[in-house]
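Structure, as structure tokens:
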Amino acid sequence: MQNNRIKLINLIAGCLFACIAISCGSYSNRIESVLALAGDNRMELEKVLEHYRDSTLKWKAAEFLLTNMQGLFVPDTAVIKDYESFYQQCDSVRKLYKEKEGGRWNNLVDSLWGEFNAKGIVGRVRYVPLLQTATAQQMIKEIDLAFCAWKENAYTRDCPFEEFCEYILPFYRGRNFVPDDSRSSFYKLHQGFFSQGNRPFDEVLDSLLLPYKAIVYSSFNGTGVTAISCDALAKVGGGSCIEKGTFNSALLSSLGVPITMDFVPHWGNKEQGHSWNVLIRKGKHYAFDPFLLHDDWIYNRLYANRGVYEPFGQGEFRAPKIYRRTYSNHLETTLLDKDVALKDIPPLFQDFKKIDVSSDYFESTDVEVSFTESMPVDAKYAYLCVWSLKGWIPLQFGKIENGKAVFKGMGRNIVYMPAFYEHGNLRPAAMPLLLKEDGKTQLLDGSGQTVDSLVIRNVILATYTNKRYSECLKGTSIIGLGQYGERDILCKISGMLSEKRTVYSVNCDSCVRFIRMNLPADSVALGELSFYTGKGKVKSPRILSALQPLSKEMPEAIFDNFTSTCFRGKVKNRCLDIDLREECKLTGIVIVPYMASQIFENSTYELFYWKDGDWLSLEKQDGGKKIELVFRNVPGNGLFRLKQYTVKDRKFDERIFVYKDGEVLWM
């Protein structure tokens with residue numbers, strides 16, 4: 001498929017950039033140049049145009065579909081027969097076990113896929129250009145359906161024609177789904193669902209999607225079970241975010257709802273990327289989880305690069321870039337028209353079926369980088385990358401001018417590596433940088449003042465594991481007690497805390513000597529607790545309450561200024577009392593929740609730091625009986641990662657981090 005893709009991109013480049021008329025001239029240059037790519041299928045596509053000769057709007061819709069069909073590849077429909085028996089077996093397993101024995105269902109589907117995959121059918125799937133396979137009958141049927149559904153939908157019938165063409169009209173919705181009659185089936189099943197317009201739109205939408213909630217997220221033990229159609233996904237009973245998002249897109253567009261998918265190619269603080277559905281209505285976007293998890297409409301807030309995602313304890317999501325899938329062609333997010341050899345263009349920037357919508361989600365920053373490394377000969381563009389276990393991943397490009405480049409619209413609180421790309425290989429162009437929450441950049445060149453002690457207990461932020469510790473603080477109120485019994489509420493912890501220093505401002509005119517934490521349960525789990533006045537940090541608080549430790553960690557650890565030294569224990573009466581040792585007018589309280597240690601007895605850990613374009617080893621330590629590790633004389637202002645080696649213990653894959661004032665900041 002890769003060779004075919006390269007050949008087609010070269011052909012597309014010609015028609016997209018030149019639009020040269022090459023036949024008798026009965027159509028516009030743009031249409032003629034696309035028809036030339038259709039090969040033997042040209043007559044089928046011409047039938048569609050001729051069918052709508054007397055219908056101006058539908059002819060324009062057909063023109064839109066045809067002139068933007070380049071770059072779309074579909075599985076050969078012959079694959080349907082090959083996969084049929086597998087999906088029938090999955091359907092039987094789903095009906096028998098999915099609701100009552102989910103684990104068994106998951107394992108059985110996994111086993112069926114293994115048997116099916118062993119036949120070699122999956123590797124023989126052939127992808128062909130949609131231009132060369134679309135039939136007139138199919139396209140006419142889909143165009144008529146789209147117009148009918150659009151005008152029947154009371155909520156969206158007044159959307160602009162351009163919006164209709166982009167987000168309702170396209171019948172091909174997924175890069176791995178075969179083009180079939182899914183939309184016709186959905187339309188027949190739910191016709192008129194949005195015709196009344198007498199209820200809130202999101203309420204009607206939820207009621208449509210709810211029955212399909214039975215299709216759940218599952219990676220089937222990471223085996224890569226593939227659905228090739230909406231019907232196949234329903235029979236399997238679970239799949240990926242892309243598969244369910246494609247399913248939702250086919251369902252909703254068949255009923256006149258403008259819908260597509262937005263995606264993060266790769267997170268700035270986690271492995272892999274993500275995609276989700278988005279409705280486009282009256283120029284605004286409404287994003288939602290493909291699987292309808294918890295609060296369905298939180299995605300606009302979730303990917304604003306602020307706050308914590310609570311439902312599954314997944315912590316913070318930091319998006320470097322967010323793109324929107326389009327049917328139309330958009331060269332502005334590619335390098336295909338910028339005089340760059342195809343072999344020197346990362347795959348993301350060969351994809352012209354997307355637009356950059358980062359600014360719709362979060363406050364972004366244009367990052368200017370001055371290059372310190374030698375450039376490849378004739379290099380015209382450089383890239384800004386995020387880190388992955390597989391290496392640095394390019395997510396934005398910038399034109400090189402006078403030894404610099406500007407990378408537009410980058411997400412904040414993320415570490416980036418400037419790089420050059422040549423013949424499929426990345427190499428550093430400058431030192432990594434941290435784009436901070438305030439939009440300023442900090443070079444991570446390791447040239448800062450040497451850090452006496454780097455204290456760490458994790459190789460990666462295991463937010464899901466730590467959720468229970470953060471939740472035991474949720475609902476806590478912190479009260480200040482004066483020397484003579486005065487009481488003031490200083491702050492409340494209303495939600496799930498991030499695994500980093502969270503600062504609560506205190507607006508209280510009274511001075512306090514004692515602090516009482518009213519806890520929601522009889523346990524406390526903290527990584528750090530600090531109190532600040534206008535003069536700085538309160539130096540020597542002490543715990544008054546009797547505590548029953550739940551591990552060998554000591555309660556004094558929460559005051560030692562290291563976020564990786566933690567304590568958890570039982571406390572009586574759900575109260576933790578603290579003596580500040582003197583009357584203080586507090587201005588702030590800093591809290592870090594407890595984090596479970598990933599330092600194990602039978603593991604060895606190696607601390608790396610970035611220098612001179614590569615990861616250099618600083619020191620190795622055995623886990624032994626330790627809960628945290630201490631590394632001495634560490635380069636200041638550096639970028640680090642802690643790698644675990646083990647054959648017995650649970651293995652964690654590492655993330656990068658920076659270290660500042662005793663705090664590990666995960667990136």
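Quick look at the values:
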{"quantity": "Identity of the residue in region 451-492, surrounded by fewer than 19 Cβ atoms within 10 Å (Cβ to Cβ) and among the hydroxyl-bearing types (Ser, Thr, Tyr), that ends up farthest from Gly569 (Cα to Cα)", "calculated": "Tyr484"}
{"quantity": "Count of residues meeting criterion [open to solvent by less than 30 Å² (accessible area, probe 1.4 Å), of a type outside the set (S, T, N, Q) and more than 17 Å from the chain's Cα centre (by Cα)] in region 345-383", "calculated": "11"}
{"quantity": "Long-range neighbours under 7 Å by Cβ, at least six apart or interchain, first residue exposed (fewer than 15 other Cβ atoms within 10 Å of the Cβ) within region 635-649, second at pLDDT below 95 and in a loop (DSSP other than H, G, I, E, B)", "calculated": "none"}
{"quantity": "Which numbered condition Arg574 fails, given (1) under 21 Å from Gly482 (Cβ atoms); (2) in contact with a Leu (Cβ under 6 Å, 6 or more places away or on another chain)", "calculated": "(1)"}
{"quantity": "Residue tally, condition over 29 Å from Arg412 (Cβ atoms) and touching a residue at least 60 places away in the same chain (Cβ under 8 Å), over region 248-278", "calculated": "9"}
{"quantity": "Residue tally, condition touching a residue at least 60 places away in the same chain (Cβ under 8 Å) and open to solvent by 20 Å² or more (accessible area, probe 1.4 Å), over region 47-59", "calculated": "4"}
{"quantity": "Qualifying positions in region 428-447 - at pLDDT 95 or above, in contact with a Gly (Cβ under 9 Å, 6 or more places away or on another chain) and open to solvent by 10 Å² or more (accessible area, probe 1.4 Å)", "calculated": "Pro428, Met431"}
{"quantity": "Filtered residue count, region 421-438, keeping only those that are in a strand (DSSP E or B) and touching a Leu at 6+ places or on another chain (Cβ under 7 Å)", "calculated": "2"}
{"quantity": "Test result for Tyr327, modelled with pLDDT of 95 or more, aromatic (Phe, Trp, Tyr), buried (at least 17 other Cβ atoms within 10 Å of the Cβ) and under 16 Å from the mean Cα position of the chain (by Cα)", "calculated": "no"}
{"quantity": "Residues located in region 650-663, provided they are open to solvent by less than 40 Å² (accessible area, probe 1.4 Å) and within 18 Å of Ser388 (Cα to Cα)", "calculated": "Phe652, Glu654, Arg655, Ile656, Phe657, Val658"}
{"quantity": "Filter pass, Lys620 being closer than 23 Å to Trp387 by Cα, open to solvent by 70 Å² or more (accessible area, probe 1.4 Å) and in a strand (DSSP E or B)", "calculated": "yes"}
{"quantity": "Check on Phe147, over 32 Å from the mean Cα position of the chain (by Cα) and aromatic (Phe, Trp, Tyr)", "calculated": "yes"}
{"quantity": "Residue satisfying condition, being farther than 22 Å from Glu99 by Cα, in a helix (DSSP H, G or I) and more than 19 Å from the chain's Cα centre (by Cα), within set Leu255, Leu233, Leu251", "calculated": "Leu251"}
{"quantity": "Close pairs from region 493-513: first closer than 25 Å to Glu583 by Cβ and open to solvent by 20 Å² or more (accessible area, probe 1.4 Å), partner modelled with pLDDT under 90 and part of a loop (DSSP other than H, G, I, E, B), Cβ under 8 Å, at least 6 apart", "calculated": "Ser510/Gly482; Ser510/Glu486; Cys511/Gly482; Arg513/Gly482; Arg513/Gln483"}
{"quantity": "Number of positions in region 330-341 that are over 24 Å from Gly174 (Cα atoms) and open to solvent by less than 40 Å² (accessible area, probe 1.4 Å)", "calculated": "1"}
{"quantity": "Matching residues, region 60-76, being open to solvent by less than 10 Å² (accessible area, probe 1.4 Å) and out of contact with any Phe, Trp or Tyr (no Cβ under 7 Å at 6 or more places or on another chain)", "calculated": "Ala61, Leu65, Leu66, Thr67, Met69, Gln70"}
{"quantity": "Residues located in region 598-613, provided they are among the polar types (S, T, N, Q) and either buried (at least 19 other Cβ atoms within 10 Å of the Cβ) or more than 13 Å from Leu642 (Cβ to Cβ) (or both)", "calculated": "Gln598, Asn602, Ser603"}
{"quantity": "Hits in region 303-318 (condition: at pLDDT 60 or above and not in a loop (DSSP other than H, G, I, E, B))", "calculated": "Gly315"}
{"quantity": "Residues (touching a Lys or Arg at 6+ places or on another chain (Cβ under 8 Å) and open to solvent by 40 Å² or more (accessible area, probe 1.4 Å)) located in region 623-634", "calculated": "Glu628"}
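Results for (1) crowded, with 17+ Cβ neighbours inside 10 Å; (2) aliphatic (A, V, I, L, M); (3) farther than 30 Å from Asn41 by Cα, shown as yes or no for each residue.
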{"residue": "Gly114", "(1), (2), (3)": "no, no, yes"}
{"residue": "Arg124", "(1), (2), (3)": "no, no, no"}
{"residue": "Cys165", "(1), (2), (3)": "yes, no, no"}
{"residue": "Leu169", "(1), (2), (3)": "yes, yes, no"}
{"residue": "Pro179", "(1), (2), (3)": "yes, no, no"}
{"residue": "Ser184", "(1), (2), (3)": "no, no, no"}
{"residue": "Phe193", "(1), (2), (3)": "yes, no, yes"}
{"residue": "Arg199", "(1), (2), (3)": "no, no, yes"}
{"residue": "Ser207", "(1), (2), (3)": "no, no, yes"}
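To keep it simple, each residue is scored yes or no on (1) of a type in the set (Val, Ile, Thr); (2) modelled with pLDDT under 95; (3) loosely packed, with under 14 Cβ neighbours inside 10 Å.
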site: Phe562; (1), (2), (3): no, no, no
site: Phe567; (1), (2), (3): no, no, no
site: Asp577; (1), (2), (3): no, no, no
site: Arg581; (1), (2), (3): no, yes, yes
site: Cys584; (1), (2), (3): no, yes, no
site: Gly588; (1), (2), (3): no, no, no
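The values are calculated or read from the model by the stated rules, or taken from the named source; none is laboratory data. Note that the coordinates shown come from a computational prediction; the quantities given were computed from them, not determined experimentally. Backbone-built Cβ (ideal geometry, glycine too); neighbour counts: all protein chains shown. Please note that ligands, DNA and RNA were not included when accessible areas were found on the heavy atoms of the full protein model with its side chains. Shrake-Rupley method; radii C 1.70, N 1.55, O 1.52, S 1.80 Å.
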